[in-house]
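Asker: What follows is a single structure, and I will ask about it in a moment.
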Amino acid sequence: MRKKPDSHIRQTESITMKKNFIICVLFSIATSVMSADTPPAEPSSGSWQNQVRKLIEAKNYEQAITTLKQSDTAPTADWHNLMGYSLRQKATPNLAEAEQNYQAALKKDPKHRGALEYYGELLLLKNDLAGAEALLSRLDKACTFGCEEYRDLKKSIAQFKSRK
């Protein structure tokens, strides 16, 4: 049996180390990309987003709508998404205006995960299964390694199908 020369072993080890390094770099990049499109858990105190999220958590949708309308910022994709959600969830839902806000959010950011999920849920309320499934497909592409929004809309679609 012929022994491999030491230089071949070192070369093989070097290649393995380079592969491991590349895998670590790619994982690091993927992780930072995922966290870049994930909203911060706690927006800075005093921001309109923080106020609106707390109002939504408390199910005070009317006040969330008022706060959004009074914010001194130009409407962003997040602003439209939160407005659409509040309009959809309030005691007397305004689905038409909610839909307009989700569409505006997606026009500003076609990969906005929250807007894709919530708009899909709104379409299910309108019995538009095909539209919701199209948004699920877009979410699948927007979520690099899967995400909560994708899982939630997929679950809503499955529940919708089980009722039919």
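The values are calculated or read from the model by the stated rules, or taken from the named source; none is laboratory data. This one's a predicted model, so the numbers in the text were calculated from it and none came from an experiment. We place every Cβ from the backbone using ideal geometry, glycine too, and count neighbours over all the protein chains shown.
Asker: Considering only residues that are touching a residue at least 12 places away in the same chain (Cβ under 8 Å), more than 13 Å from S47 (Cβ to Cβ) and hydrophobic (A, V, I, L, M, F, W, C), which ones fall in segment 64-85?
Answerer: A64, I65, A77, M83
Asker: Specify the residue that is farthest from N94 (Cα to Cα); the eligible residues are those in segment 53-70 that are of a type outside the set (S, T, N, Q) and not in a helix (DSSP H, G or I).
Answerer: If we take residues in segment 53-70 being of a type outside the set (S, T, N, Q) and not in a helix (DSSP H, G or I), then A58 is farthest from N94 (Cα to Cα).
Asker: List the number of the failed condition for G146; all other conditions in (1) of a type outside the set (F, W, Y); (2) in contact with a helix residue (DSSP H, G or I) (Cβ under 8 Å, 6 or more places away or on another chain); (3) at pLDDT below 95 hold.
Answerer: Unmet condition: (2).
Asker: Out of N94, N81, which single residue is among the polar types (S, T, N, Q), surrounded by 20 or more Cβ atoms within 10 Å (Cβ to Cβ) and in the same structural domain as Q51 (by TED's automatic domain parsing)?
Answerer: Numbers: N94 fails: surrounded by 20 or more Cβ atoms within 10 Å (Cβ to Cβ).
From the options N94, N81, the qualifying one is N81.
Asker: Turning to a different aspect of this structure: Considering only residues of segment 116-158 that are crowded, with 18+ Cβ neighbours inside 10 Å and either of a type in the set (F, W, Y) or outside the structural domain of E97 (by TED's automatic domain parsing) (or both), which is nearest to the chain's Cα centre (by Cα)?
Answerer: Y150
Asker: Restricting to segment 71-115, name every residue that is more than 20 Å from F160 (Cα to Cα), more than 14 Å from the chain's Cα centre (by Cα) and part of a loop (DSSP other than H, G, I, E, B).
Answerer: Answer for segment 71-115, where residues must be more than 20 Å from F160 (Cα to Cα), more than 14 Å from the chain's Cα centre (by Cα) and part of a loop (DSSP other than H, G, I, E, B): S71, D72, T73, A74, P75, T76, K90, A91, T92, N94.
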